[in-house]
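One structure is given below, encoded as structure tokens.
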Amino acid sequence: QIVDFIIKAVVSTQSTGGGGLSASARQYGMGIDQVINFEIVLANGTKVIASQCENEDLFWALRGGGGGSFGVTTSVHYKLHTAKPFCEAYMYTTDFYEPYYDIKTVYKWIELLVDSIPTLDRRWGGYWTFNTGILYFEGTEDEIKSDAFYMRVDAMDNMEISLKCAATYFTVRGGPDDMTTDETGYDELNIASRLISCDDVRDDPDKVKDVFKWMVNNGYFTFNYIVGGKMMEIAENGTAVHPAMRKACFQMETFAENLIQKLRDEFPDSGAGFNHAARDEPEWETQFWGSNLPRLETLKKTYDPDNRFNCWHCVGYLDSSCGHLLASYLVLIITMAAYLY
């Protein structure tokens with residue numbers, strides 16, 4: 001059972017540098033919300049602890065402030081959560097026509113999801129596309145079947161639900177054989193992301209539906225998160241992640257330029273989800289961190305004044321063609337070698 005406690009915590013944390021999303025984020029919060037402390041080696045070679053009680057500003061920056069911008073993290077302590085029953089509900093359209101779907105059913109699914117998300121029980125979490133939902137529910141089979149959202153989907157024409165329930169989230173996801181993670185650095189994967197705020201969904205649901213329907217007819221393929229719930233209980237500036245993440249109902253992920261540009265144009269005051277952002281995101285600094293950017297830039301100068309920790313589109317990023325970076329890299333290598341040996 002203790003293994004399930006640990007796995008639950010790890011699954012709900014993922015990448016702390018970018019925030020950390022998972023199918024259980026609506027129940028427990030983002031990965032950065034689970035961190036108790038970091039052990040980190042700074043650019044000057046010193047090892048420090050960052051927590052709510054020590055180096056608080058660094059602790060804030062490390063929770064959502066990007067990749068290795070501030071040092072080399074050597075360990076992280078996370079909260080653990082008691083393992084509870086979970087169900088996986090795979091929801092899918094059954095009337096597949098050319099090219100991939102019956103558009104009437106797709107439109108009804110979009111409308112149902114947009115109408116439901118502002119008040120959706122936080123025990124729901126997971127992923128969705130324009131004709132499927134791969135959703136997870138913290139609870140038993142009897143509890144999920146009596147949930148209002150489940151019953152609405154189950155009552156839809158041409159929509160089926162494949163349901164399985166288990167004693168823990170780890171088990172329902174398939175255990176160690178199926179709980180794998182993706183490699184990073186796919187050059188051929190043109191992924192990009194955009195956050196859709198709950199305010200937009202509540203204030204103008206018809207606009208959100210129309211944008212999604214436009215996307216269905218102009219490229220179609222997306223892979224998205226439902227977010228919100230526990231994630232919204234943290235103050236917008238409580239961690240370094242973009243404040244828009246704390247107000248979002250959806251994180252949309254696209255694989256075609258016209259689709260992501262449509263979302264940028266229609267929702268210009270939002271931001272990008274850092275973990276799934278476009279590698280060529282326009283105005284990437286403000287899109288990744290919003291109003292938290294100035295504080296992050298100040299902390300970068302404090303903890304890494306020579307920019308030894310330089311990575312693509314991280315805080316303080318400098319193009320690697322800049323000549324002075326070579327000297328910084330050499331000093332960094334020497335510093336880390338001294339620490340390790």
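For this structure, a couple of remarks:
- Residues that are without any contact (Cβ under 8 Å) to a residue 24 or more places away in the chain and open to solvent by 10 Å² or more (accessible area, probe 1.4 Å) within segment 240-268 comprise GLN261, ASP265, PRO268, listed in sequence order.
- THR302 vs. criteria within 18 Å of the chain's Cα centre (by Cα), at pLDDT 95 or above and open to solvent by 60 Å² or more (accessible area, probe 1.4 Å): no
- Condition check for ASN190: modelled with pLDDT under 95, in contact with a helix residue (DSSP H, G or I) (Cβ under 9 Å, 6 or more places away or on another chain) and closer than 26 Å to LYS104 by Cα: no
- The residue pairs whose first member lies in segment 126-144 and is under 15 Å from ARG173 (Cα atoms) and open to solvent by less than 10 Å² (accessible area, probe 1.4 Å), whose second member is of a type in the set (Val, Ile, Thr) and not in a helix (DSSP H, G or I), and whose beta carbons are closer than 7 Å, counting only pairs six or more residues apart or on different chains, are GLY126/ILE134; GLY126/ILE226.
- Those residues of segment 199-221 which are more than 19 Å from the chain's Cα centre (by Cα) and assigned to a loop (DSSP other than H, G, I, E, B), in sequence order: ASP204, ASN217, ASN218, GLY219, TYR220
- Selection count, segment 62-106, where residues are part of a helix (DSSP H, G or I), open to solvent by 40 Å² or more (accessible area, probe 1.4 Å) and at pLDDT 95 or above: 0
- The selection criterion, being outside any strand (DSSP E or B), surrounded by fewer than 24 Cβ atoms within 10 Å (Cβ to Cβ), among the aromatic types (Phe, Trp, Tyr) and modelled with pLDDT of 95 or more, holds for PHE59.
- Residue selected from segment 9-19 under the condition closer than 14 Å to LYS79 by Cα and part of a loop (DSSP other than H, G, I, E, B), by the criterion modelled with the highest pLDDT: THR16
- Top-ranked residue in segment 281-294 [being out of contact with any Pro (no Cβ under 7 Å at 6 or more places or on another chain) and surrounded by fewer than 17 Cβ atoms within 10 Å (Cβ to Cβ); ranked as farthest from PRO268 (Cα to Cα)]: PRO294
- Looking across segment 53-96, the residues that are over 26 Å from PRO294 (Cα atoms) and without any contact (Cβ under 8 Å) to a residue 60 or more places away in the chain come down to THR74, SER75, HIS77, PHE96.
- Taken over segment 139-172, the criterion of being in a loop (DSSP other than H, G, I, E, B) and among the charged types (D, E, K, R) is satisfied by ASP147, ASP157.
- Options PHE309, PHE274; residue that is touching a Gly at 6+ places or on another chain (Cβ under 6 Å), at pLDDT below 95 and closer than 28 Å to PHE221 by Cβ: PHE274
- Within segment 222-237, being open to solvent by less than 30 Å² (accessible area, probe 1.4 Å) and either under 13 Å from LEU120 (Cα atoms) or not in a helix (DSSP H, G or I) (or both) holds for THR222, ASN224, TYR225, ILE226, VAL227, GLY228, GLY229.
The values are calculated or read from the model by the stated rules, or taken from the named source; none is laboratory data. Everything numeric in this text was worked out from a predicted model, so none of it was measured. Here the Cβ is made from the backbone with ideal geometry for all residues, glycine too, and neighbour counts use every protein chain on show. To get the accessible areas, we keep the full protein, side chains included, count just its heavy atoms, and leave off ligands, DNA and RNA. Shrake-Rupley method; radii C 1.70, N 1.55, O 1.52, S 1.80 Å.
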